[in-house]
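The structure appears below as structure tokens.
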Amino acid sequence: MMAIWVMQAFTGLSNFSVLLLMALGLAIIFGQMGVINMAHGEFLTIGAYTTYGLSQVSDRWAPWLSKSYFLLAVVVAFALAGLVGLAVEYFMVRHLYRRPLDTLLATWGLSLIMQQAFRSAFGAREVSATLPAWLMGSVKPTATIDIPINGLVVMGLTTVLTALVFVGLFRTRLGIDVRATMQNRSMASAAGINTGRIDRFTFAFGCGLAGIAGAAFTTIGSTGPTSGSLYIVDTFLVVVFGGAQSLLGTIGSAFTIAQTQAATEFFMTGSMAKVVTLSAVILVLMVRPQGLFALKMRR
Amino acid sequence: MSHPRTISQCLAVHAFPVVLTLVACLLGCSKGSSGSSGTPSSDAPMMAGGKMALTDTEVVVGQLHSATGTMAISETGSIEAERLAIGQINDGGGILGRKIRIIQEDGASDWPTFAEKAKKLLEQDHVASVFGCWTSASRKAVLPVFEKDNGLLYYPTFYEGLEQSKNVFYTGQEATQQILAGLDWIHKTKNANTFFLIGSDYIWPRTSNKIARKHIENVLHGQVLGEEYYPLGHTQFGSLINKIKEAKPDVVYAIVVGGSNVAFYKQLRAAGVTAENQTLLTISVTEDEMLGIGGENMVGFYAAMKYFQSLDNENNKKFVAAFKAKYGPNSVIGDVTQAAYLGPWLWKAAVEKAQSFDIDKVVAASPGIELTTAPEGYVKIDPNHHLWSKLRIGLAQADGQFKVVYESGLIQPNPFPKGYQ
């Protein structure tokens with residue numbers, strides 16, 4: 001019985017890190033920049049297919065990579081998703097910054113295009129990356145407790161990335177430029193910041209984070225043309241619930257939602273747990289429309 | 001079966017039909033003017049609403065699956081299998097001296113689109129039969145169209161039963177065929193008395209688990225320790241896995257589908273639940289799904305199906321060889337793909353028995369038709385339009401295939417099972 005509680009506690013933490021990891025990219029793109037990016041899930045898919053592609057490469061041509069290709073995949077996924085993000089920002093999103101609702105439609109269209117592109121490139125069927133054995137087992141601190149290693153990996157990755165994002169945003173010159181641009185564009189521009197470039201960089205960075213999340217999720221989920229869209233609702237939920245503009249809010253909200261979900265799931269069936277969690281979110285948002293944490297700023 | 005619903009899909013449901021209706025309209029108009037091909041032969045049977053697309057040398061059939069959208073994952077295999085069967089029939093001289101021509105329409109994973117395309121196939125193209133649909137939702141959407149226009153549909157997917165129509169032949173298994181024999185087997189060979197039922201939250205898993213529960217409680221006198229449903233597309237199964245560990249059932253009975261399926265098995269393995277310490281029986285994982293899940297995550301679990309690619313008989317060897325020759329050596333064949341392959345052959349047999357393409361005559365001739373060349377072995381059409389078939393239990397292998405460990409006798413289809421509702 002004790003073992004179950006330990007594992008259930010870990011499940012809650014693990015769900016938290018999954019939610020946070022997928023929301024991190026969107027917290028920057030939607031939260032900081034205010035771009036409603038409906039194609040966010042597809043950037044996750046890019047990461048997932050990157051992992052799959054690299055696993056194929058290592059299977060066929062580079063067996064010495066088979067144990068470590070996953071780490072490489074995380075880096076390549078960031079780069080690829082970031083590059084695609086850069087292109088999307090340049091050709092589409094930057095023309096729509098003042099029209100958020102049009103962005104919603106445009107990025108939704110983009111998500112459909114990307115899904116069909118994945119389907120044409122990789123086939124409609126789901127694929128599966130051969131994951132190294134060290135990623136798939138479980139740690140057994142006692143005979144009855146199993147702690148999934150893939151959960152630990154996602155957790156570690158989430159911690160590192162969140163720390164990096166925080167340091168990047170609050171401790172570097174670039175981060176200051178980014179925050180200045182997002183908070184007051186014209187003032188930032190007047191102070192000599194190239195806001196166009198900052199926008200492009202920020203968007204691409206958010207997409208890159210999504211790519212990393214996608215790569216990490218191949219250990220716990222599916223890889224197919226529409227896999228990314230499985231996460232999009234929860235992702236928006238986390239960011240909105242946390243208070244769109246606050247990174248700290250995103251963390252708090254991911255934690256609250258994950259713990260509520262994990263606890264309710266344990267005591268009722270999955271569908272009912274979802275109902276309870278979503279109802280709780282709606283109630284909180286009715287009382288606090290600005291989300292859990294709101295950025296204090298002069299309007 | 002069905003699939004994960006996502007926000008973009010919900011949007012698609014509302015925005016797509018408008019666009020597609022327009023497109024369908026435009027296409028329809030342009031095709032309408034070029035006319036139904038060729039001159040109808042003198043004995044061409046009349047069909048409600050016009051002549052059948054039939055000449056002395058050609059007969060036209062429709063194919064209606066999702067080639068795009070979320071369901072393309074599953075329906076691609078069916079499209080390929082039907083095309084293979086029709087190609088083989090044409091190579092063998094066609095049906096009643098006519099070659100079969102296919103008009104393929106894309107249901108685009110959207111149920112209203114399915115209905116629209118079915119209407120187009122029946123009312124504009126006057127096809128002699130349609131091979132199509134995959135999810136129950138798409139079948140329910142086209143059913144009124146087929147009944148109104150008196151069309152003929154061959155439906156390949158194993159499904160929840162509780163349906164029978166003059167205009168539909170069901171070439172997959174209905175729920176009792178797939179469930180009862182499998183539970184009997186696991187009860188007997190694994191001495192299993194306690195079960196944990198899991199499903200994605202929609203009609204097929206719920207109906208199937210209802211049947212399973214009745215059978216476990218009333219026939220096997222076993223116990224259901226838990227029955228759990230998770231939303232389609234759910235990706236976090238940690239809590240559920242802990243509940244399974246706590247309940248310690250003899251058997252986990254799983255009907256999870258779509259992207260959830262992959263997440264479920266990956267997380268099971270990561271949580272230390274493997275065939276070594278847990279017996280698991282599923283009715284929703286075929287070789288197709290194994291591609292996404294990865295054989296290494298399923299090893300040692302059981303699946304109950306009527307067909308596995310590894311079946312060791314002459315028919316199947318020929319079928320697998322032909323399929324791979326046409327679609328590549330790496331292609332896999334799941335239960336539904338084989339059932340889809342039966343459609344054109346069953347139709348051919350019925351047409352030849354009736355000596356006519358007339359739908360009423362074909363339907364009347366169908367019951368009792370036997371197919372000894374089926375890859376799954378032998379099938380027979382029951383008067384209730386479902387097939388007599390066997391049930392097999394497959395043991396999942398690391399390479400993504402199943403090893404057949406049990407084979408039942410022929411099971412009569414029973415889409416409206418008494419005592420199970």
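Here are the numbers for the structure shown:
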quantity: Taking chain B and dividing mean pair separation by its residue count, relative contact order in percent (alpha carbons under 8 Å, at least six apart); calculated: 18 percent
quantity: Total accessible surface hidden between B and A, rounded to 100 Å², 1.4 Å probe; calculated: 3900 Å²
quantity: Cα long-axis angle, helix B:203-214 against chain B (0 to 90 degrees, to the nearest 10); calculated: 50 degrees
quantity: Set of aspartates and glutamates with alpha-carbon distance to B:Lys318 below 14 Å, sequence-local pairs under 8 removed; calculated: B:Glu376
quantity: Using a Förster distance of 56 Å, the FRET efficiency for A:Arg197-B:Ala321 (Cβ separation, nearest 0.05); calculated: 0.45
quantity: Per residue accessible area of the stretch A:1-131, 1.4 Å probe, in Å²; calculated: 41 Å²
quantity: Per-selection metrics, chain B (Cα): Rg and Dmax in Å; calculated: 21.5, 71
quantity: Beta bridge orientation in chain B: antiparallel %, DSSP, nearest 5; calculated: 35 percent
quantity: Per-residue mean of C-beta atoms belonging to partner chains within 10 Å, peptide A:2-12; calculated: 4
quantity: Buried on assembly, the stretch B:273-299 (at least 30 Å² less accessible surface than by itself, 1.4 Å probe); calculated: B:Leu291, B:Gly292, B:Glu296
quantity: A:Arg185-A:Ala3 FRET efficiency (beta carbon distance; Förster radius 56 Å; 0.05 resolution); calculated: 0.55
quantity: Rg and Dmax of the stretch B:246-372, Cα atoms only, in Å; calculated: 19.2, 61
quantity: Net charge over other residues, Cβ less than 14 angstrom from the Cβ of A:Trp134 (K, R count +1; D, E count -1); calculated: +1
quantity: Accessible surface, per residue, of chain B when the full set of protein chains is kept, probe 1.4 Å, Å²; calculated: 34 Å²
quantity: Between 0 and 90°, nearest 10: helix B:7-34 axis offset from chain B longest Cα axis; calculated: 20 degrees
quantity: Flagged links, alpha-carbon separation over 25 Å, of B:Lys148/B:Lys361; B:Lys99/B:Lys120; B:Lys348/B:Lys390; B:Lys120/B:Lys210; B:Lys140/B:Lys306; B:Lys188/B:Lys214; calculated: B:Lys120/B:Lys210
quantity: Share, in percent, of DSSP beta bridges within the protein assembly as shown that are antiparallel, nearest 5; calculated: 40 percent
quantity: Carbon and sulfur %, accessible surface of chain B computed with the full protein complex present, 1.4 Å; calculated: 55 percent
quantity: Accessible surface of chain A [probe 1.4 Å, protein heavy atoms]: carbon and sulfur percent; calculated: 71 percent
quantity: Förster radius 45 Å - calculated FRET efficiency between A:Gln116 and A:Ala280, Cβ distance, rounded to 0.05; calculated: 0.80
quantity: Degrees, to the nearest 10: B:238-247 long Cα axis against longest axis of chain B; calculated: 60 degrees
quantity: Segment A:Leu101-A:Leu248, length gained on full extension (0.36 nm per residue, minus Cα span); calculated: 50.3 nm
quantity: Helix runs (DSSP H) in chain A reaching 27 Å along axis by Cα, Kyte-Doolittle at least -0.5; calculated: A:2-26, A:40-60, A:69-91, A:100-122, A:149-171, A:195-217, A:247-267
quantity: Amide H contacts under 5 Å for B:Phe169, placed H, 5+ residues apart; calculated: B:Leu153, B:Tyr154, B:Tyr155
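The values are calculated or read from the model by the stated rules, or taken from the named source; none is laboratory data. Just so you know, these numbers come straight off a predicted model, no measurement behind them. Please note: Cβ atoms are built from the backbone with ideal geometry, for glycine as well, and neighbour counts cover all protein chains shown. For accessibility, only protein heavy atoms count, side chains too; no ligands or nucleic acids. Shrake-Rupley method; radii C 1.70, N 1.55, O 1.52, S 1.80 Å.
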